[in-house]
Structures are given as structure tokens and as C-alpha cells.
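A.B. asks: Below is one structure. I have some questions about it.
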Amino acid sequence: MIEKSMILNTVSEALKYLGVSPSTLTREERALLDEKGYVVLHGMMGDKWLEALRTTYEKLMYEKYGKWREDMKGFSDTDFWNHEAGTRRLADLVSEGEAFDDIYAHPRLLAAIAHVLGTEFKLHSLNARDALPGQGQQALHIDAAPRKEHEPYSLVNTAWILDGFTAENGATRVVPGSHKMAGELAQYVIDPAAPHPQEELVIAPAGSVLVFNAHLWHSGTMNRSRRPRRVIHCAFCTAHAQQRDRQIDRIRKSTYDRISPAARIILDV
Ligand SMILES: O=C(O)CCC(=O)C(=O)O
């Protein structure tokens, strides 16, 4: 248990106090991150926490879009950096509810981030996304700036799966190994909107977390079900990069006071 008054100065110290070490992940999980560029961590959210996350998620979405309905009309998102018609999105959830506090401080998650980025990292963004029925197909893309050969990775993204990913409901597609390809995706793929011959659809139960190197080619797919497919995306960048949402300017005092010193280090506040 970390005392609220404890002084931690670095991510390495924060990881140590959270009990994170390389062996927090299995050898196989680490190998999947290295070779395929992604791994699904199972059983990350228990039933009670999942319910709290879904409830908070729906409350915030209700405030923004009104009640979710299967026949809801597509809308274009006007206040989110990545406009995407037909998709409910929320940005910067850090100070939007206690249920989110344990996401970016989860030891297994942090072990995965440290495996890819080393111990000099911080939260980049904490957002939510779910496509309405009949919507959500995206072109393959990467979330990080293109990397030159031999440059280190700069960003890792994660999808906290609140509704199990199925073959029908718009699961994320990924192209295994593509994180190793330096340069622009357009150098390799003529039509990023088309199915890719090597793509895999990530099928995973609610409560699990997809961790993927943000240089991995990936995209949302169309939600062909009649239900929402809700995820929270929690991304991490290297320590000297700019956060998507600069927490030092944005965090509410009540959030700062509530979270642990280790979580504050991860948020860079
Ligand atoms: O939600 C997903 O399945 C992926 C979303 C994504 O890649 C994006 O919005 O950039």
C-alpha cells in the first residue's frame, strides 16, 4: 500500500512501489509484444470494476450524445481531435470519475508499457470510443509518428474492452509484425481501407485489455451487431514527448488528491 505522502520522483520508482517488474508479464506475453506487436491481457477488470466503468462511461456519453439507441443517427464529432462520424467518443477521462483511476496505474498494464518503451514514459491520453451499429470501419493506420529504421518506439496504446470483442461487433483489426516496418504505412499498403491479407481480428472477452505497439497497423472495424462495442483507449508516450492532454494543466484537484503518488508520476503531474 502506497502512502499518499510518499515522495516518488521517477517512473522507475513508481513501478517499483507498484510491484511492477519484467516478470509481471509472462515470457509469452512479452514475446507477443515483441514479435506480433500486440498482446491481449486477460482478466484485467473484475465484474464490479467493469460495471463501475460501464456506468461511468454511459453517464458521460449520455451527457454528450443522449441515450444510446440502436437506431441512433450517425453524428460527426465536433469536439474531439479525431473526428469520426457515427462513433461516440470522449476525450481525457482522467478527471471524469474514480472508476478510471486504476486503469493507468494497473501493474500488468505498466509492465507491458515498460517492456516496449522502457521506464521513461507517461500517460499520453485516456479516451473512449464506440461505433454505432453499421459504423466504425476505419482505414489501417498507426497512432504514432512514423519511425525511421532503428529509431525506438514512441507510443503504446491499449484498449480496455468493456464489451467483448466479437467477429461482428467492430473488434479492432491488427496486422501482426507491422510495428517493425519503418516509414509511412503508405509505402507498403495501396489501400489502407481494404482488408489486409495478414490482418487478424482481435476477439477477446469483456474485462481484457488489448495492448498494442502504436506503430502497429490497426483499425476499428464495422459494428455489425445491434449493441455498443465500448472501449477505453489508454495510450502512453515517452517521457519527453508531448501528452495529448497535458495533465498538469487539466487534472482536477479532487483527482490529484485521490490518486497515489505513483499514479501522479505516471500522469506527469
Ligand atoms: O476502437 C478501435 O477498435 C480502434 C480505434 C482506433 O484505432 C482509432 O480510433 O484510432
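The values are calculated or read from the model by the stated rules, or taken from the named source; none is laboratory data. Just so it is clear, the model here is predicted, and its values are computed rather than measured. Neighbour counts are summed over all protein chains in view; Cβ atoms, including those assigned to glycine, are modelled from backbone coordinates with ideal geometry.
A.B. asks: Pairs only if they're at least six apart or on different chains, beta carbon under 6 angstrom, first in segment 204-217 and under 14 Å from L53 (Cα atoms), second buried (at least 24 other Cβ atoms within 10 Å of the Cβ); list them, first residue then second.
C.D. replies: Qualifying pairs under 6 Å: A206/I161; S208/I161; V209/T158; V209/W160.
A.B. asks: Separate question: Against the condition touching a Gly at 6+ places or on another chain (Cβ under 8 Å), at pLDDT 95 or above and surrounded by fewer than 19 Cβ atoms within 10 Å (Cβ to Cβ), how does P205 come out, does it pass? Lay out the reasoning, then the answer.
C.D. replies: Numbers: touching a Gly at 6+ places or on another chain (Cβ under 8 Å): yes; at pLDDT 95 or above: yes; surrounded by fewer than 19 Cβ atoms within 10 Å (Cβ to Cβ): yes.
So P205 passes the test.
A.B. asks: All but one of (1) surrounded by 17 or more Cβ atoms within 10 Å (Cβ to Cβ); (2) farther than 21 Å from R88 by Cα; (3) touching a Ser or Thr at 6+ places or on another chain (Cβ under 7 Å) hold for N213; state the number of the condition that does not hold.
C.D. replies: (3)
A.B. asks: So, one more: Would you be able to tell me the number of residues in segment 16-38 that are in contact (Cβ under 8 Å) with a residue 12 or more places away in the chain, in a helix (DSSP H, G or I) and of a type outside the set (D, E, K, R)?
C.D. replies: Summing the residues that are in contact (Cβ under 8 Å) with a residue 12 or more places away in the chain, in a helix (DSSP H, G or I) and of a type outside the set (D, E, K, R) in segment 16-38 gives 4.
A.B. asks: Say whether the condition of being touching a Lys or Arg at 6+ places or on another chain (Cβ under 9 Å), among the small types (G, A, S) and closer than 30 Å to T55 by Cβ is met by at least one residue in segment 180-193.
C.D. replies: no
A.B. asks: For residues in segment 119-155 being in a loop (DSSP other than H, G, I, E, B) and of a type in the set (K, R), which is farthest from the chain's Cα centre (by Cα)?
C.D. replies: If we take residues in segment 119-155 being in a loop (DSSP other than H, G, I, E, B) and of a type in the set (K, R), then K148 is farthest from the chain's Cα centre (by Cα).
A.B. asks: I would also like to ask the following. Looking at segment 120-146, which of its residues are away from the ligand (no atom under 13 Å from the Cβ), in contact (Cβ under 8 Å) with a residue 24 or more places away in the chain and surrounded by fewer than 19 Cβ atoms within 10 Å (Cβ to Cβ)?
C.D. replies: Once the filter is applied, which keeps residues that are away from the ligand (no atom under 13 Å from the Cβ), in contact (Cβ under 8 Å) with a residue 24 or more places away in the chain and surrounded by fewer than 19 Cβ atoms within 10 Å (Cβ to Cβ), segment 120-146 yields E120, G134, P146.
A.B. asks: So which of G66, G46, G37 ends up being closer than 18 Å to T158 by Cβ and surrounded by fewer than 14 Cβ atoms within 10 Å (Cβ to Cβ)?
C.D. replies: Result: G46 is the single residue among G66, G46, G37 that is closer than 18 Å to T158 by Cβ and surrounded by fewer than 14 Cβ atoms within 10 Å (Cβ to Cβ).
A.B. asks: Which condition from (1) more than 13 Å from the ligand (Cβ to nearest atom); (2) buried (at least 18 other Cβ atoms within 10 Å of the Cβ); (3) not in a loop (DSSP other than H, G, I, E, B) is the one that A186 breaks?
C.D. replies: Result: A186 fails condition (2) only.
A.B. asks: Going through segment 194-234 one residue at a time, which ones are in a loop (DSSP other than H, G, I, E, B) and among the charged types (D, E, K, R)? Walk me through how you get there before you give the answer.
C.D. replies: Step one: filter segment 194-234 for residues in a loop (DSSP other than H, G, I, E, B), giving 194-199, 202-203, 205-208, 214-217, 220-222, 224-230.
Answer for segment 194-234, where residues must be in a loop (DSSP other than H, G, I, E, B) and among the charged types (D, E, K, R): E199, R224, R226, R227, R229, R230.
A.B. asks: Filter segment 156-171 down to the residues that are within 12 Å of the ligand (Cβ to nearest atom) and without any contact (Cβ under 8 Å) to a residue 60 or more places away in the chain, then identify the one that is nearest to the chain's Cα centre (by Cα).
C.D. replies: Applying the filter and picking the extreme gives A171.
A.B. asks: Could you check, for segment 99-117, whether at least one of its residues is near the ligand (Cβ under 10 Å from one of its atoms) and of a type outside the set (D, E, K, R)?
C.D. replies: no
A.B. asks: Okay, moving on. Output the number of the condition that A235 fails; it satisfies all remaining conditions of (1) more than 12 Å from the ligand (Cβ to nearest atom); (2) touching a His at 6+ places or on another chain (Cβ under 9 Å).
C.D. replies: (1)
A.B. asks: Still on this structure, I have one more. For segment 242-266, enumerate the residues that are over 16 Å from I7 (Cβ atoms), buried (at least 16 other Cβ atoms within 10 Å of the Cβ) and at pLDDT 95 or above.
C.D. replies: Residues satisfying the conditions are Q243, Q247, I251, T255.
A.B. asks: Is there any pair with a first residue in segment 172-186 that is among the hydrophobic types (A, V, I, L, M, F, W, C) and a second that is outside any loop (DSSP other than H, G, I, E, B) and within 16 Å of the ligand (Cβ to nearest atom) whose Cβ atoms are under 6 Å apart and which are 6 or more apart or on different chains, and what are they?
C.D. replies: The qualifying pairs are V174/Y38; V174/E200; V174/H218.
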